[in-house]
Amino acid sequence: MPAEQGPVLDAQTRERLGRQLKALYDPVFDEPLDPRLTALVQQLEADKREAAGSTSLDRV
């Protein structure tokens, strides 16, 4: 039984949507990130590094 496929957008429609989304979100990229969000991302990265380090030490 063939896999069911959803609607397919033609190239012109994809390009138009891409331009519209870029125009919509470009101003957001120029906004500064909330300091609380920055701190949260940094903490998540530190936790991830710590977990990866402890996992590799557990194997030794």
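Key figures for this structure:
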| item | result |
| --- | --- |
| Filtered residues of the stretch 15-33 (kept if assigned to a helix (DSSP H, G or I) and not hydrophobic (A, V, I, L, M, F, W, C)) | 15, 16, 18, 19, 20, 22, 25, 26, 27 |
| Filtered residues of the stretch 25-48 (kept if at pLDDT below 95, open to solvent by 100 Å² or more (accessible area, probe 1.4 Å) and of a type in the set (A, V, I, L, M, F, W, C)) | 29, 33 |
| Criterion (of a type outside the set (Ser, Thr, Tyr), modelled with pLDDT under 90 and surrounded by 10 or more Cβ atoms within 10 Å (Cβ to Cβ)) met by exactly one of 53, 18, 6 | 53 |
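The values are calculated or read from the model by the stated rules, or taken from the named source; none is laboratory data. Just so it is clear, the model here is predicted, and its values are computed rather than measured. For neighbour counting, all protein chains shown are included, and Cβ atoms are generated from backbone atoms with ideal geometry for every residue, glycine included. Remember, those area values only see protein heavy atoms, side chains included, never the ligands or the DNA or RNA. Shrake-Rupley method; radii C 1.70, N 1.55, O 1.52, S 1.80 Å.
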